[in-house]
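Chemist: Below is the structure I would like to discuss, written out as structure tokens.
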2 protein chains.
Amino acid sequence: MVERLVIIGGVAAGAKAAAKARRMKPDMDIVVYQDETEVSYSACGQPYVLSGVIENRDKIVIRRPHEFASDNIRVLTRHRVEAIDVTARQIRVADLSNNNECATAYDKLILATGARPVIPAVDGIELEGVLTLRSISDLDRFKSTLSSLKPKRASIIGAGYIGLELAETFHALNVKTTIIEKFDRILPKFDAEMAQQVSAHLSENGVELITGQGLARISGKNGRVAAVTTESGLNRDADLVVIAIGVRPNTDLAKDGGIALGKTGAIAVDEKMQTRTPAIYAAGDCCETIDRVTGKTTWLPLGDIANLQGRVAGENAAGGNASFPGVLGTAIFKTFDLNVACTGLSETAARQARYDAVAVNVNRSDRARYYPGGNNLVIKLVADRQGGRLLGAQVIGPGKADKMIDIAATALLGKLTCEDLENADLAYAPPFSPVLSPMITAAGALNSKVNNP
Amino acid sequence: MVERLVIIGGVAAGAKAAAKARRMKPDMDIVVYQDETEVSYSACGQPYVLSGVIENRDKIVIRRPHEFASDNIRVLTRHRVEAIDVTARQIRVADLSNNNECATAYDKLILATGARPVIPAVDGIELEGVLTLRSISDLDRFKSTLSSLKPKRASIIGAGYIGLELAETFHALNVKTTIIEKFDRILPKFDAEMAQQVSAHLSENGVELITGQGLARISGKNGRVAAVTTESGLNRDADLVVIAIGVRPNTDLAKDGGIALGKTGAIAVDEKMQTRTPAIYAAGDCCETIDRVTGKTTWLPLGDIANLQGRVAGENAAGGNASFPGVLGTAIFKTFDLNVACTGLSETAARQARYDAVAVNVNRSDRARYYPGGNNLVIKLVADRQGGRLLGAQVIGPGKADKMIDIAATALLGKLTCEDLENADLAYAPPFSPVLSPMITAAGALNSKVNNP
């Protein structure tokens, strides 16, 4: 009999896993269950659909069910998996169009159930105009709410990447914005002096940032949101409230099926993306992974990681032997004119991980100064004073932060020292770079601290 | 007594060495001799001064003698070093302003004598309108020739980086251009199918490319250049001829002084940038280095390498203990709308170096397709089939070739395999990258060849 691979969830990890499994095994029976109407879309593109940078919503849908069908992958949208029976190796699925339920068997199962926004239990959370932005259904609701409410003032609850991207979006839409963040400062993965640059930039662009205070309640008028109140009693009028305080892995199905979760609360997997239950894999935002710098278990719900993990899970579920070695914690986002990126450990995180950390901040142009069009970057590099191994980098500025952070991430993969990076033979010509890459300059400055503690 | 460091040549390696030695040793007596009127300029910026992208020539002069003086570094311009007496540890210097000669002692000596254009011994080479572009004196002559001759047709002899950059410059200046290249094809460091993209792009932009034929002679009229003739007898009218067939290390001083040259013909140095003569270092285009991929001696006369080596030579001449580990052969240039970059070995070079080389070419956008502003790149990756270690990369296209090649170069430094790179945690957000970096996609495609040869 033909082996059947069932994949629960088809956004990023699930879609990638299906495609990879198909390439590995042309005759496998592959079925993807998805509770939404779309699969294979870019959640990360959503703020740019709202701002109009991406002209329409359909553009972020990468691949439609019929396109999967042409690869002989069955994609069942509006089908919700209700339960997994790991002993019988079958799942129970509800067809949301008619509420019929049926059971289906699997030989291999991949959980790609993703994550969902954390919703605070505050008064007013159910009011019209209180939104999240995670799934494409959220996006559709968000877009129609913008059209119907025509908001003038928004409060964004949470200063994570989505919150900061949306601040730029709202600015483009002429919506005056307040961001309310429970922690003392934004961007906890960045060191304070780096994050401060982003805070200052938000202010310069007219975004109010309130930190150190969570959301206490949302007030409404006629069923619509009208204002928010912070824990210390600050009030802000708001005709739109976005809840962006983070996400939580969707693990109910796994937990109820007896599939082990790890200590992060996400599904535990090994480097083959295999759960602790035979024949079951997990990939993407629903599962945990390894931090390659510290070696510790971590959870990093990002779209590119979901794709990397989905590929490995798909390959292995189809009989392959791929490994996913873990993450560096690389991330990047743009808010107004700043590109903001990090990889590996901040200085703070390095000290918490018991490294004798040493760090430098340098400010450089990303091009030869005499060549037009260069932009500045502040680069922070962190290393282990003992031996100089690089531990992390943070890059903020209008310049090519993506290029710099990818150099740093690749250096972390190779376990390079700052001396290695200081001597790196990187590409130079005036249209592209200063004669020595800003990463080389930063590594050199850091290396002198390593040698002379 | 205060130690004296004498540096011969002050363009890139020499200027960097002086600055680094000063930072290392505040009380060292540091003297730089330079035969031109300027030191510390960017030779790589010159094509862009000619095209007007860089608005004036002074912009590419990074640091002037009086700025060095403020660091207590004496810079003697228009002083030519005539001889080195390694036994007496002194040099003989001619002051070009008055032809006076004097001897001066050194405790440490750094040779940063650079390289000079190869000039073919053909008839007509002395005609007005036959130019090179290497030193800033060349640039000044080039600029005044452009003004006085107002050329309509140029021939560029040699299709190296300078020749191809100048083709774009001439196009901007409305000068119809023919490139004459002795080898069968351009860009020998790239594989043929990659180089072909650049040839095609030159044609599309109206540049005539004649390959497989060297320059036979230059004809003139009234002392001015009028035409060129190739070895096989093709004639092209030309009111400007640029000789850009490559450079040769300036080693006469070293050789006459008994300082050993290596088998590349450049000055032999160890990883401390020390020559085989005590107390004498060399750095930049005049010396050879190690290819970090093959481990063999090579010569790579590029501005960024000169800076890296200058730093190491300066540090060590001032009592430090830095090392320069060698080069990957990373290079990048722009011609018209193509960014063209390479690092490590081409497939051809890998086979010549006896690797069981395997390679892929992939064509990808440098951004998520749904996000505006992305540009294409063709990426070629080369690996060792046995174990999958990356050996080299070539990237060509209107997209972010600089970013891609720097990722590849850093991967080479870390001796990563394609599997390592396939799983790399690189930075993703829609304004910066597709969900998986084109380098990850390419590495994945290559990895499947490594596993299934």
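Chemist: For A:Ala83, list long-range residues whose amide hydrogen, built 1.01 Å from N in the peptide plane, is under 5 Å from its own amide hydrogen.
Modeler: Amide H neighbours of A:Ala83, under 5 Å, 5+ apart: A:Arg92.
Chemist: Let me make sure I get this right: for segment A:1-158, a, b and c are the square roots of the gyration tensor eigenvalues over alpha carbons, sorted descending. Under 1.5 in a/c it's rounded, otherwise prolate if a/b > b/c, else oblate. Which is it?
Modeler: prolate
Chemist: Which chain B residue comes nearest the axis with its C-beta when you rotate B onto A, and by how many angstrom?
Modeler: B:Gly414, 1
Chemist: Given H placed 1.01 Å from N in the peptide plane, which residues other than close sequence neighbours of B:Arg116 have an amide H under 5 Å from its amide H?
Modeler: Answer set, sorted by chain and number: B:Arg248, B:Asn250.
Chemist: 222 nm [θ] for the protein assembly as shown, helices only, -39500 (n - 2.57) per DSSP H run of 4+, per residue, to 500?
Modeler: -8000 deg cm²/dmol
Chemist: Turning to a different aspect of this structure: Only sites in a loop by DSSP and with at most 12 other Cβ atoms within 10 Å count here; which GluC sites (Glu not before Pro) in segment B:16-115 make the cut?
Modeler: Taking segment B:16-115 and a limit of 12 other Cβ atoms within 10 Å, the loop GluC sites (Glu not before Pro) found are B:Glu55.
Chemist: Placing the label point 7 Å from Cα along the Cα-to-Cβ direction, what are the distances from B:Ala192 to the equivalent spots in the other copies, shortest first, in nm to one decimal?
Modeler: Label-point separations across copies, in nm and ascending: 6.3.
Chemist: State, to one decimal in nm and shortest first, how far the label point of B:Leu96 sits from each corresponding label point in the other identical copies (label point: 7 angstrom along Cα-to-Cβ).
Modeler: 7.7
Chemist: Anything over 23 Å Cα to Cα? Flag those among A:Lys415/B:Lys380; B:Lys182/B:Lys380; A:Lys143/A:Lys334; B:Lys143/B:Lys255, in the order listed.
Modeler: Pairs exceeding the cut-off: A:Lys415/B:Lys380; B:Lys182/B:Lys380; B:Lys143/B:Lys255.
Chemist: What is the mean projected area of the alpha carbon convex hull for segment B:83-217, to one decimal in square nanometres?
Modeler: With every direction weighted equally, the projected area is 12.0 nm².
Chemist: Got the B:Asn72 label distances to the other copies yet, label 7 Å along Cα→Cβ, in nm, shortest first?
Modeler: Label-point separations across copies, in nm and ascending: 7.9.
Chemist: Give a residue-ordered list of calculated ³J(HN,Hα) values for segment B:343-352 (Karplus: 6.51 cos²θ - 1.76 cosθ + 1.60, θ = phi - 60°; whole Hz; x for Gly, Pro).
Modeler: Working through the residues one at a time gives 8, x, 9, 6, 4, 4, 5, 5, 5, 4 Hz.
Chemist: If contacts are Cα pairs under 8 angstrom and at least 6 residues apart, what is the relative contact order of segment A:357-453 in percent?
Modeler: Worked out over segment A:357-453, it gives 32 percent.
Chemist: With θ set to phi - 60°, apply the Karplus curve 6.51 cos²θ - 1.76 cosθ + 1.60 along segment A:279-289 and write out the HN-Hα couplings as whole Hz, x wherever there is a Gly or Pro.
Modeler: Those phi angles translate into 6, 10, 10, 9, 7, x, 5, 7, 10, 9, 7 Hz.
Chemist: Here's something else I'd like to know. Determine the distance separating the Cα centre of segment A:64-82 from the Cα centre of segment B:50-101; give it in Å without decimals.
Modeler: Rounded to whole Å, the Cα centres lie 71 Å apart.
Chemist: When the Karplus curve 6.51 cos²θ - 1.76 cosθ + 1.60 is applied with θ = phi - 60°, which whole-Hz ³J(HN,Hα) does each residue of segment B:148-160 get, with x for Gly and Pro?
Modeler: My calculation for segment B:148-160 gives 7, 7, 6, x, 10, 9, 10, 10, 9, 9, x, 10, x Hz in order.
Chemist: Are there any trypsin sites (Lys or Arg not before Pro) in segment B:234-292 that are in a DSSP loop and have at most 12 other Cβ atoms within 10 Å? List them by number.
Modeler: Passing both the DSSP loop test and the Cβ count: B:Lys263.
Chemist: For the protein assembly as shown, what is one quarter of the convex hull surface built on the Cα atoms, given in nm²?
Modeler: 41.3
Chemist: Still on this structure: Can you tell me the alpha carbon radius of gyration of segment A:1-67 divided by the globular rule-of-thumb value 2.2 N^0.38 Å?
Modeler: Output field value: 1.30.
Chemist: Based on alpha-carbon centroids, what's the gap between segment B:312-345 and segment B:113-183 in Å, whole number please?
Modeler: 25
Chemist: What does segment A:134-205 give for Rg and for Dmax, in Å, if only its C-alpha atoms count?
Modeler: Considering segment A:134-205 through its Cα atoms, Rg and Dmax are 13.4, 40 Å.
Chemist: Given H placed on each backbone N at 1.01 Å, which residues far from B:Thr297 in sequence or on other chains put an amide H within less than 5 Å of it?
Modeler: Sorted by chain and number, the residues that satisfy this are B:Asp291.
Chemist: Still on this structure, I have one more. So which lysines can B:Lys150 reach, going by Cα to Cα under 16 Å and dropping same-chain residues fewer than 8 places off?
Modeler: Hits, sequence-local ones excluded: B:Lys176, B:Lys221.
Chemist: Right, here's the next one. Once you sort the root eigenvalues of the Cα gyration tensor of chain B as a ≥ b ≥ c, which label holds: rounded (a/c under 1.5), prolate (a/b larger than b/c) or oblate (the other case)?
Modeler: It is oblate, given that a/c is not under 1.5 and a/b is not larger than b/c.
Chemist: Hey, another quick one. Taking segment B:97-199, which trypsin sites (Lys or Arg not before Pro) meet the DSSP loop condition and have no more than 14 other C-beta atoms within 10 Å?
Modeler: Here the trypsin sites (Lys or Arg not before Pro) that fit, given the DSSP loop and packing criteria, are B:Lys152.
Chemist: Hey, could you grab the Kirkwood Rh for segment B:266-417? Inverse mean 1/r over distinct alpha carbon pairs, Å, one decimal.
Modeler: Mean inverse Cα-Cα distance, inverted, gives 16.8 Å.
Chemist: Rounded, prolate or oblate, given the Cα gyration tensor of segment B:323-369, with a/c below 1.5 counting as rounded?
Modeler: Note, shape of segment B:323-369 comes out oblate.
Laboratory data are not the source of any read-out in this text; all were calculated from the coordinates shown. Bear in mind that the values here come from a model prediction, so they are computed numbers and not experimental data. Ideal geometry is used to build each Cβ from the backbone, glycine not excepted, and the neighbour counts take in all protein chains shown.
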